[in-house]
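Presented below is the structure to which this report refers.
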Amino acid sequence: MNGYTLLGLAIVLEIFSTSMMKASEGFTKLVPSIIFITGMSSSFYILSQALTTIPLSIAYAIWSGVGTALTALVGILVWKEQLNINSVLGIALIIIGVILINLKGSGAGH
């Protein structure tokens, strides 16, 4: 599996695990708590494997940016959280930042 595929899998696991953390209701529900711990541990392991071929700065920018944006989307769609203009702008800035970091990493803009 290539590094970006591993990174994508790590992000999906991280997003799912974060939802399980919310579902655990402060770690008071056993099954979601166990799924969170297992999923997040697996996510970090897979991220570490992705880092063998992707530079840390690029991988972490993608990890945090995409993870934040998609977690916000899950919060809205699954957990019925409210979205406001500050949230939209913040998510947009995160996505723009990820794009800019990747442009730098690919050699563009020199």
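The values are calculated or read from the model by the stated rules, or taken from the named source; none is laboratory data. All values derive from a computational prediction rather than experimental measurement. Cβ placement follows ideal geometry from the backbone for every residue including glycine, while neighbour counts extend to all protein chains displayed.
Please go through segment 77-87 and pick out each residue that is of a type in the set (Val, Ile, Thr) and either outside any helix (DSSP H, G or I) or in contact with a Cys (Cβ under 8 Å, 6 or more places away or on another chain) (or both).
If the condition is that a residue be of a type in the set (Val, Ile, Thr) and either outside any helix (DSSP H, G or I) or in contact with a Cys (Cβ under 8 Å, 6 or more places away or on another chain) (or both), then Val78 is the only one that fits.
Could you check segment 23-32 and list, in sequence order, the residues that are surrounded by fewer than 17 Cβ atoms within 10 Å (Cβ to Cβ) and assigned to a helix (DSSP H, G or I)?
Passing the criteria: Ala23, Leu30, Val31.
Evaluate segment 57-76: report whether one residue or more is in a helix (DSSP H, G or I), loosely packed, with under 13 Cβ neighbours inside 10 Å, in contact (Cβ under 8 Å) with a residue 24 or more places away in the chain and not charged (D, E, K, R).
Yes, there is a match, as at least one residue in segment 57-76 is in a helix (DSSP H, G or I), loosely packed, with under 13 Cβ neighbours inside 10 Å, in contact (Cβ under 8 Å) with a residue 24 or more places away in the chain and not charged (D, E, K, R).
Please verify whether Gly90 is surrounded by 13 or more Cβ atoms within 10 Å (Cβ to Cβ), of a type outside the set (A, V, I, L, M, F, W, C), in a helix (DSSP H, G or I) and modelled with pLDDT of 90 or more, treating the condition exactly as stated.
no
One residue is enough: does segment 33-49 have a residue meeting the conditions surrounded by 19 or more Cβ atoms within 10 Å (Cβ to Cβ) and in contact (Cβ under 8 Å) with a residue 40 or more places away in the chain?
yes
What's the number of the condition Ser24 fails, among (1) under 23 Å from Asn2 (Cα atoms); (2) modelled with pLDDT of 95 or more; (3) touching a Leu at 6+ places or on another chain (Cβ under 9 Å)?
In the conditions (1) under 23 Å from Asn2 (Cα atoms); (2) modelled with pLDDT of 95 or more; (3) touching a Leu at 6+ places or on another chain (Cβ under 9 Å), Ser24 misses (1) alone.
Being in a helix (DSSP H, G or I) and touching a Gly at 6+ places or on another chain (Cβ under 9 Å) is the filter; apply it to segment 34-51 and report the residue that is nearest to Trp63 (Cα to Cα).
If we take residues in segment 34-51 being in a helix (DSSP H, G or I) and touching a Gly at 6+ places or on another chain (Cβ under 9 Å), then Ala50 is nearest to Trp63 (Cα to Cα).
Could you list, in sequence order, the residues of segment 1-15 that are at pLDDT 95 or above and either surrounded by fewer than 19 Cβ atoms within 10 Å (Cβ to Cβ) or among the hydroxyl-bearing types (Ser, Thr, Tyr) (or both)?
Across segment 1-15, the qualifying residues are Asn2, Gly3, Tyr4, Thr5, Gly8, Leu9, Val12.
Got a number for residues in segment 1-22 being part of a helix (DSSP H, G or I), out of contact with any helix residue (DSSP H, G or I) (no Cβ under 6 Å at 6 or more places or on another chain) and under 18 Å from Leu56 (Cβ atoms)?
3
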